[in-house]
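Before any comments, here is the structure.
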Amino acid sequence: MERHQAIARFLYDAEAEGREVVRITKDQFPEMTVDDAYQIQRELIKLKLDQGRKIIGLKMGLTSQAKMNQMNVHEPIYGYLLDDMLVDDGGQLAIGPLIHPRAEAEIAFILGEDIAGPGVSAAQVMAATKYVLPALEIIDSRYENFNFTLPDVIADNASSSRLVLGSTLTPPDAQELDLAGTTLWINGELKELGAGAAVLGHPANAIAQLANMLARSGEKLKAGQVILSGAITGAISIKEGDFVQVKISGLGEVSVNVTK
Ligand code: 0L1
Ligand code: MG
């Protein structure tokens with residue numbers, strides 16, 4: 001327990017100081033398990049809540065089959081989204097405090113009802129969803145060169161950093177999210193493209209799986225929360241001066257200006 005708290009503090013300080021660190025499993029805790037990692041993540045979130053931050057939702061990560069194969073894992077990972085991660089649509093994203101940020105195109109869900117696992121299906125998720133919207137997730141691993149093992153990245157709150165939500169809220173009925181064409185642009189240049197099906201066949205599958213994973217620790221998804229279903233495209237490095245834009249067919253656009 002004390003060890004988990006000390007590692008959470010180590011990651012908290014690295015983020016607060018915008019300083020990259022060596023992954024935990026290299027020297028500090030080579031035998032760290034996925035279970036240890038989620039306990040460290042919980043301690044990290046507690047430190048942030050103690051600073052007055054609020055949980056606004058959760059994110060799923062590693063939701064593409066390609067990324068899971070690459071890391072040799074059979075299920076995605078999750079992390080928490082906090083109020084201080086939100087950046088306005090069309091607003092300014094200050095990357096001064098970040099280490100090596102990357103942008104991902106995602107579909108966000110805003111829940112109208114609680115969803116408690118186990119046994120949650122994608123159909124239940126769609127029925128409990130109030131709105132779907134385009135989102136830009138900015139990830140920023142605290143580890144040197146984005147180099148980590150699965151437990152490392154879980155402990156680091158799944159590389160969560162910032163979040164930009166689109167301004168158009170679309171009710172989910174009749175939205176074929178698996179077919180939703182998605183493009184990621186930087187300074188007007190197309191960088192990545194994909195479709196919603198890149199996320200476990202359908203983004204609602206990722207939310208269902210999240211609810212089922214949370215049930216193991218007696219947690220559930222709550223009405224009003226924002227849930228990021230996972231990257232549809234690859235993650236692209238961003239730098240000061242970039243204008244980053246995501247367009248998703250049927251859902252609209254979201255953008256941000258990257259500043260110092
Ligand atoms: O949101 C994500 O898919 C990122 C999860 C963590 C993996 C990474 O940092 O690339
Ligand atoms: Mg993501």
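Computed from the coordinates by the stated procedures, all read-outs in this text should not be read as laboratory data. Because the structure is predicted, anything quoted here is derived from the model rather than measured. All Cβ positions, glycine included, derive from the backbone under ideal geometry; neighbour counts span all protein chains shown.
The calculated FRET efficiency for the pair Lys54 and Ser167, based on their C-beta separation and a Förster distance of 22 Å, comes to about 0.55.
So, in Å, what gap is there between the alpha-carbon centers of segment 1-48 and segment 90-129? Each part's Cα centre sits 23 Å from the other's. Over segment 132-176, the fraction of Cα-Cα pairs per 5 Å bin, rounded to whole percents and listed from the shortest bin up, is 5, 20, 19, 15, 11, 12, 11, 7, 1.
The residue list Ile110, Ile95, Gln41 was ranked by how far each Cα lies along the charge dipole of segment 23-123 toward its positive end, using unit charges on Cβ atoms, and Ile95 comes out on top. For the set Lys130/Lys191; Lys59/Lys260; Lys26/Lys222, the pairs lying more than 28 angstrom apart at their alpha carbons are Lys130/Lys191; Lys26/Lys222.
Counting Cα-Cα pairs of the chain in 10 Å increments starting at 0 gives whole-percent bin shares of 7, 33, 38, 20, 2, 0.
Full extension of the chain between Lys239 and Ser217 gives 4.1 nm of extra length, using 0.36 nm per residue less the Cα-Cα distance. For GluC sites (Glu not before Pro), the sites in segment 36-139 that DSSP calls loop and that have at most 16 other Cβ atoms within 10 Å are Glu113.
Among the trypsin sites (Lys or Arg not before Pro) in segment 11-63, those located in a DSSP loop and surrounded by at most 15 other Cβ atoms within 10 Å of their own Cβ are Arg19, Lys26, Arg53, Lys54. Our summary of shape: the Cα atoms of segment 135-209 have principal axis extents of 41, 35, 21 Å, ordered from largest down, in whole angstrom. Separation between the Val34 and Arg19 pseudo-spin-labels, each 7 Å from Cα along Cα→Cβ, expressed in nm? Taking the two extended label points, one gets 3.2 nm.
The GluC sites (Glu not before Pro) found in segment 161-216 that occupy coil by DSSP, while having at most 14 further C-beta atoms within 10 Å, are Glu176.
The helix-only estimate of mean residue ellipticity at 222 nm for the chain, built from DSSP H runs of length n ≥ 4 each weighted as -39500 (n - 2.57), is -7500 deg cm²/dmol after division by the residue total. Overall shape: oblate for segment 1-103, with the ratio a/c of the largest to smallest alpha carbon gyration tensor axis at 1.5 or above and b/c at least equal to a/b. Each residue of segment 81-161 gets 132 Å³ once the volume of the Cα convex hull is shared out per residue. At full extension, Arg42 and Asn257 could sit 74.3 nm farther apart than now, given 0.36 nm per residue minus the alpha carbon distance. Residues whose amide H comes within less than 5 Å of that of Asp114, counting only those at least five positions distant or on another chain, are Ala223 (H built at 1.01 Å from N in the peptide plane). Using R₀ = 25 Å, calculate the FRET efficiency as 1/(1 + (r/R₀)^6) where r is the Cβ-Cβ separation of Arg9 and Met71; round to 0.05. Calculated value: 0.45.
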